[in-house]
Amino acid sequence: MRKLLPAVALAMVHIAGDNLGIVPDFAVYYGKDMYWIIVVAYIVLGSLVAGVAAWVGSRSGIEIGVLVRRMFGCRGKRLLAIAILAVSVPASAVTGGYYAGLVLARLSGIPYLWAAIICLGVVSVLASGRWQEFLRVANYGSFLMVPGVLLLAVIVSDYSLTSVAKPVLSDWQLVLALFSYNAGGMRPAVVAEAAGYLALKGYKPVVFAVVAKVVEGIFTIVIVYLALNVPVQGPLVLAQIATFNFGCGAFVFELVLLCVFIMAMTPAMLVNARQIGILTGAGFSTSLYIAVFFVYLASLAQLQVILVFMGISGLFMVGYLGYIAYHLHKLNLKKL
């Protein structure tokens, strides 16, 4: 159990807009097909990429950005920045703009467009290093999401619902979108650093990273179970499930959901700003403003369009990670 806890902690770090927003919303349309989609996107493909990222971090002993610069120079680092932004910006738009905005609109009654602006503004302030006490409170609040979801899974009744006949994306388009959201962008860097920090050496980081993805996949399957067994439809199915079962108490659940989105978005916006700084040479504040602007623009696009784009851009990120791993193996060095 002591060895399993770090992997579980790593899995909890990854729970964000894909698990809590996209998955339950799209489960309504795909029905039980969503189970195999989650298994392939998270447990199979996600575990594979997480294992490679953890191996890269363990083998090199340095973060991916520094590794790429040492191996390929500044051009390689800029290419990595593009690969990260291609997934991280649309993913940030989904988590911090679309879903966080929807939750805040439900909680406050503020129109969605303004709620999305407020959420992105708060996240940008947190990413700049201010309001740290607020960030700590949000961090503690986000810990309640897992027991909240498990409680819902225990109390829901089986309504034997059929999926809603509405064309959204093909099954494999959704697999690629969820896979890219979950395994692309900033995620490989987080896995490499976190797994390396927790397990230190050898192949333990790879094992921890793979177990973490399996745990995350199982938790996401529980969320699919919830979406398929309560008579609600999107958007924001998980919040509606809480309202269906908790009544007025759903306010607390939605507040925790907002905390999770904020905790996921703060490091993402920080990463976005840093990658823009690498590409433009601008200072951090200017890069952060640019990142917020592009994330907000992306949040105005249709969710299906964002997911299709991520499905393509995520493959580029994963391919580049594989290229890094290949060259690191070719160098036959344990430390650079």
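The values are calculated or read from the model by the stated rules, or taken from the named source; none is laboratory data. This one's a predicted model, so the numbers in the text were calculated from it and none came from an experiment. Cβ atoms come from the backbone with ideal geometry, glycine included; neighbour counts cover every protein chain shown.
Assorted remarks:
- Matching residues in the stretch 112-139 - criterion: being within 14 Å of Leu288 (Cα to Cα) and in contact (Cβ under 8 Å) with a residue 60 or more places away in the chain: Leu120, Gly121, Val122, Val123, Ser124, Leu126, Ala127, Ser128
- When Ser299 is tested against (1) surrounded by 15 or more Cβ atoms within 10 Å (Cβ to Cβ); (2) among the hydroxyl-bearing types (Ser, Thr, Tyr); (3) under 16 Å from Ile82 (Cα atoms), just one condition goes unmet, and that condition is (3).
- Counted residues, the stretch 160-181 - those being buried (at least 18 other Cβ atoms within 10 Å of the Cβ), over 17 Å from the mean Cα position of the chain (by Cα) and modelled with pLDDT of 85 or more: 0
- Taking each residue of the stretch 85-111 that is more than 11 Å from Gly21 (Cβ to Cβ) and without any contact (Cβ under 8 Å) to a residue 12 or more places away in the chain and looking for partners that are surrounded by fewer than 23 Cβ atoms within 10 Å (Cβ to Cβ) and among the β-branched types (Val, Ile, Thr) with beta-carbon atoms closer than 8 Å, six or more apart or interchain, yields Ile110/Ile118.
- Checking each residue in the stretch 285-299 for being in contact with a helix residue (DSSP H, G or I) (Cβ under 9 Å, 6 or more places away or on another chain) and farther than 19 Å from Leu169 by Cα picks out Ser285, Thr286, Ser287, Leu288, Tyr289, Ile290, Ala291, Val292, Phe294, Val295, Tyr296, Leu297.
- Residue match in the stretch 273-282 (condition: touching a helix residue (DSSP H, G or I) at 6+ places or on another chain (Cβ under 6 Å), within 30 Å of Tyr140 (Cβ to Cβ) and touching a residue at least 12 places away in the same chain (Cβ under 8 Å)): yes
- Residue count for the stretch 272-290, restricted to those that are under 14 Å from the mean Cα position of the chain (by Cα) and surrounded by fewer than 23 Cβ atoms within 10 Å (Cβ to Cβ): 0.
- Candidate set: the stretch 13-57, residues that are surrounded by fewer than 20 Cβ atoms within 10 Å (Cβ to Cβ) and touching a Lys or Arg at 6+ places or on another chain (Cβ under 7 Å); chosen: the one farthest from Ala227 (Cα to Cα): Ile43
- Any hit, the stretch 53-63, residues being of a type outside the set (Gly, Ala, Ser), assigned to a loop (DSSP other than H, G, I, E, B), over 30 Å from Ile223 (Cβ atoms) and at pLDDT below 85: yes
- Test: residue in the stretch 91-101 that is aromatic (Phe, Trp, Tyr), modelled with pLDDT of 85 or more, surrounded by 22 or more Cβ atoms within 10 Å (Cβ to Cβ) and closer than 19 Å to Leu120 by Cα: yes
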